[in-house]
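**Student:** Attaching a single structure in structure tokens format; questions to follow.
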Amino acid sequence: MKSLKSATLYKDILSLVGDVEGSGAYNDGTCAFVMSAKMAAVLRATPVGNGDRMILAPDNTIAGFPVYFSEYIESDGAGSFNATAKNIGFGRWSDVQVAQFGNLRLVVDTVSLAKRDLIEISINSNFAVDVLRPKSFAIGTLAE
């Protein structure tokens, strides 16, 4: 993980792009940032340079790259999440493979919740996700 400093935050965020593209992962149109909604709120209020624009633009882009939101970027992997947002990820998402295996099972339950006039529908299947090229991804963490 790369350390992101408050004084040079915009430059440090863009260095994530440089790390990924410098590894040979050219922008094929799937490059994007990912961060939590809390981090997005911080970056919407953090100016670039003289303050004429913010790091996170109103169209949810940073330097022209789209920004997607997931609270899971703040997960410690053991079921807990950072109390304060501190992680920003960047990657070329075509280097992630997602596959569905086995049968898809659709269950429509019209009985269990009938007293509340509800129907429960569930879909079960097995999925796998794998990163094809780890150098196509970088994560930055705000310095404390």
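**Student:** Which of the residues that make up the stretch 61-81 are free of Cβ contacts under 8 Å to residues at least 24 places away in the same chain and either of a type outside the set (Asp, Glu) or surrounded by 14 or more Cβ atoms within 10 Å (Cβ to Cβ) (or both)? So that I can check it myself, show each step before the final result.
**Tutor:** In the first step, residues of the stretch 61-81 are kept if they are free of Cβ contacts under 8 Å to residues at least 24 places away in the same chain; the result is 61, 64, 72, 75-81.
Listed by number, the residues that qualify are 61, 64, 72, 75, 77, 78, 79, 80, 81.
**Student:** Having 2 or more residues that are under 20 Å from residue 36 (Cα atoms) is the bar; report the strands (runs of 3 or more DSSP E) wholly within the stretch 53-133 that clear it. Reasoning before the result, please.
**Tutor:** On the way: elements: 65-69, 87-92, 96-109, 120-131.
Output list reads 65-69, 87-92.
**Student:** From the set of residues in the stretch 75-110 that are β-branched (Val, Ile, Thr) and touching a Ser or Thr at 6+ places or on another chain (Cβ under 9 Å), which is nearest to residue 127 (Cα to Cα)? Outline the logic, then answer.
**Tutor:** Let us first name the residues in the stretch 75-110 that are β-branched (Val, Ile, Thr), namely 84, 88, 96, 98, 107-108, 110.
Remaining after also requiring touching a Ser or Thr at 6+ places or on another chain (Cβ under 9 Å): 88, 96, 107-108.
Numbers: 88: 25, 96: 13, 107: 18, 108: 21 Å.
The extreme case among them is 96.
**Student:** Condition first: under 24 Å from residue 136 (Cβ atoms) and either modelled with pLDDT under 95 or open to solvent by less than 30 Å² (accessible area, probe 1.4 Å) (or both). Now tell me which residues in the stretch 30-60 satisfy that.
**Tutor:** Correct list: 31, 32, 33, 34, 35, 36, 39, 40, 43, 55, 56, 57.
The values are calculated or read from the model by the stated rules, or taken from the named source; none is laboratory data. Model, not experiment: these values are computed from the prediction. Glycine gets a Cβ as well: all are built from the backbone with ideal geometry, and neighbour counts include every protein chain shown. In case anyone asks, the SASA skips ligands and DNA or RNA and just uses the protein heavy atoms, side chains included. Shrake-Rupley method; radii C 1.70, N 1.55, O 1.52, S 1.80 Å.
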